[in-house]
1. Can you tell me which residues in region 351-366 are modelled with pLDDT of 90 or more and acidic (Asp, Glu)?
2. Where in region 71-176 are there strands (runs of 3 or more DSSP E), lying wholly inside it, with at least 2 residues that are touching a helix residue (DSSP H, G or I) at 6+ places or on another chain (Cβ under 7 Å) and surrounded by fewer than 18 Cβ atoms within 10 Å (Cβ to Cβ)?
3. Taking the residues in region 135-175 that are hydroxyl-bearing (Ser, Thr, Tyr) and out of contact with any Gly (no Cβ under 6 Å at 6 or more places or on another chain) as candidates, determine which candidate is farthest from His335 (Cα to Cα).
4. Within region 317-348, restricting attention to residues that are of a type in the set (Val, Ile, Thr) and without any contact (Cβ under 8 Å) to a residue 40 or more places away in the chain, which residue is surrounded by the most Cβ atoms within 10 Å (Cβ to Cβ)?
5. Kindly provide the set of residues from region 31-44 that are surrounded by 10 or more Cβ atoms within 10 Å (Cβ to Cβ) and outside any helix (DSSP H, G or I), ordered by number.
6. For residues that are basic (Lys, Arg) and in contact (Cβ under 8 Å) with a residue 60 or more places away in the chain, scanning just region 34-61, find the one that is farthest from Trp229 (Cα to Cα).
7. I need every pair where a residue in region 98-127 that is more than 14 Å from Thr144 (Cβ to Cβ) has its Cβ under 7 Å from the Cβ of a residue that is among the β-branched types (Val, Ile, Thr) and in a helix (DSSP H, G or I), sequence separation at least 6 or different chains.
Amino acid sequence: MHPDTRMVHIEAPALTGSTPLAVPIYQTSSFSFDDPELMADGMHRPDGAYVYSRFANPTVRALESAVADLEGGVAAIAASSGMGAITMLLHGLLGTGDHVIAQHSVYGGTHALLADLAKRYGVQVTRVDGRDPEEVRAALTPRTKVLYLETIANPTAHISDLPALAPVARAAGVLTVVDNTFATPIFCRPIEHGADVVVHSATKFLGGHSDVTGGLAVFADADLHQRIWAHAVEFGAVADPFAAWLTIRGLHTLGLRMERHAANVARVAAWLATHPAVSQVTCPGPGAAKHITGFPSAFCFDLAGGYTAGVRLMSRLRVIRAAPSLGGTQTLMLHPASTSHRQLTPEQLRESHISPGTIRIAVGIEHPDDLVADLEQALDFAGS
């Protein structure tokens with residue numbers, strides 16, 4: 001062949017009896033076939049041959065399989081972000097005029113998505129506290145399709161009573177979707193407590209290093225996975241191979257990091273409760289619910305000085321970073337009323353247990369003495 005052709009057709013070497021210790025990055029958009037029937041088959045099912053990376057990719061599949069295994073699911077779909085996973089899932093599950101029961105305190109992006117579904121498709125949304133099964137039972141309608149919960153709510157760290165609520169939904173033929181981002185499968189496995197689908201922002205603890213954006217939906221049922229996979233292929237919010245590879249690398253140390261996060265949280269939360277500028281600390285420990293086995297890294301505290309004190313505190317940080325997101329190695333802080341939940345009305349903020357002076361802190365893996373010292377100087381300034 002001409003050199004121009006040989007330069008284009010460069011093939012990867014076949015492995016002869018060895019296995020790479022790290023999952024390879026299959027940074028390719030497409031795969032070629034000698035058998036056209038095999039290619040056609042791969043385009044119609046999630047477990048077929050790899051054809052096109054919007055349908056499936058070996059690196060992405062390795063991530064999906066790993067997280068599905070950790071969560072006790074049968075399969076997963078990796079998306080380009082946590083909101084990509086949630087949006088893909090809810091668009092696949094809901095139709096015009098359907099009904100969703102969702103807890104009051106959820107991630108701001110989820111609030112916005114539910115509001116958009118209501119406006120665009122007439123999806124009805126009923127809010128519940130997330131702890132009372134009778135409240136969920138009373139909210140059920142013939143059009144209810146989804147009960148949406150967060151294991152540990154963002155940003156308030158309120159724990160939903162998943163083991164009590166999921167059976168109510170299942171008895172009515174309603175799917176329970178649980179965002180397990182804060183707890184991770186290290187501290188909770190929602191499928192074991194009745195969830196049908198578990199979603200994650202892999203940007204947070206699964207990736208764990210503030211260098212990747214991704215999301216996952218894990219399924220307890222293979223048929224439901226097949227149904228949503230077909231929708232996800234058309235929706236197109238898929239994970240790219242390099243992002244999947246970074247998330248896999250983060251998974252290797254997830255258990256170790258969660259252990260350090262939890263130890264730091266115990267120290268920081270206990271200290272915050274002693275400071276006069278802090279009116280309340282909401283940080284559920286391992287004993288707060290039987291299905292939660294560890295301290296969440298992200299929790300909330302309220303400032304006695306309200307909104308102004310919150311803004312002053314954020315401006316004074318030195319070691320802790322004022323930044324969105326969470327779950328990385330660095331400690332990050334957010335003032336929800338002015339940032340992540342700014343789109344909520346005062347009434348919606350109250351229903352979500354967010355006050356003007358609520359601060360979300362996501363404790364990293366730094367030395368706790370340095371975190372306490374930074375909080376002390378910033379709180380002294382905010383409280384003055």
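The values are calculated or read from the model by the stated rules, or taken from the named source; none is laboratory data. Please read all numbers here as calculations on a predicted model, not as lab measurements. Methodologically, a virtual Cβ is constructed for each residue, glycine included, from the backbone with ideal geometry; neighbour enumeration extends over all protein chains shown.
1. Glu366, the sole residue that qualifies.
2. Details: elements: 75-79, 99-103, 124-128, 144-150.
Passing ranges, in order: 124-128.
3. Going through region 135-175, the residues hydroxyl-bearing (Ser, Thr, Tyr) turn out to be 141, 144, 148, 151, 156, 160.
After this cut, where a residue has to be out of contact with any Gly (no Cβ under 6 Å at 6 or more places or on another chain) as well, the list is 141, 144, 148, 151, 156.
Details: Thr141: 36, Thr144: 33, Tyr148: 24, Thr151: 21, Thr156: 12 Å.
Out of the qualifying residues, it is Thr141.
4. Filtering region 317-348 down to residues of a type in the set (Val, Ile, Thr) leaves 319-320, 329, 331, 339, 345.
Filter once more, keeping what is without any contact (Cβ under 8 Å) to a residue 40 or more places away in the chain: 339, 345.
Values: Thr339: 15, Thr345: 8.
It comes out as Thr339.
5. So the first thing to find is which residues in region 31-44 are surrounded by 10 or more Cβ atoms within 10 Å (Cβ to Cβ), and the list is 31, 33, 38-44.
If the condition is that a residue be surrounded by 10 or more Cβ atoms within 10 Å (Cβ to Cβ) and outside any helix (DSSP H, G or I), then Phe31, Phe33, Met43, His44 are the ones that fit.
6. Among residues in region 34-61 that are basic (Lys, Arg) and in contact (Cβ under 8 Å) with a residue 60 or more places away in the chain, the one farthest from Trp229 (Cα to Cα) is Arg54.
7. If the second residue must be among the β-branched types (Val, Ile, Thr) and in a helix (DSSP H, G or I), the pairs left are Thr110/Ile86; Leu113/Ile86; Leu113/Thr87.
Matching residues to (1) modelled with pLDDT of 95 or more; (2) surrounded by 15 or more Cβ atoms within 10 Å (Cβ to Cβ); (3) within 20 Å of the chain's Cα centre (by Cα); (4) of a type in the set (A, V, I, L, M, F, W, C):
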{"position": "Gly207", "(1), (2), (3), (4)": "yes, yes, yes, no"}
{"position": "Ser210", "(1), (2), (3), (4)": "yes, yes, yes, no"}
{"position": "Ala217", "(1), (2), (3), (4)": "yes, yes, yes, yes"}
{"position": "Arg227", "(1), (2), (3), (4)": "yes, no, no, no"}
{"position": "Glu234", "(1), (2), (3), (4)": "no, no, no, no"}
{"position": "Phe242", "(1), (2), (3), (4)": "yes, no, yes, yes"}
{"position": "Arg249", "(1), (2), (3), (4)": "yes, yes, yes, no"}
{"position": "Met258", "(1), (2), (3), (4)": "yes, yes, yes, yes"}
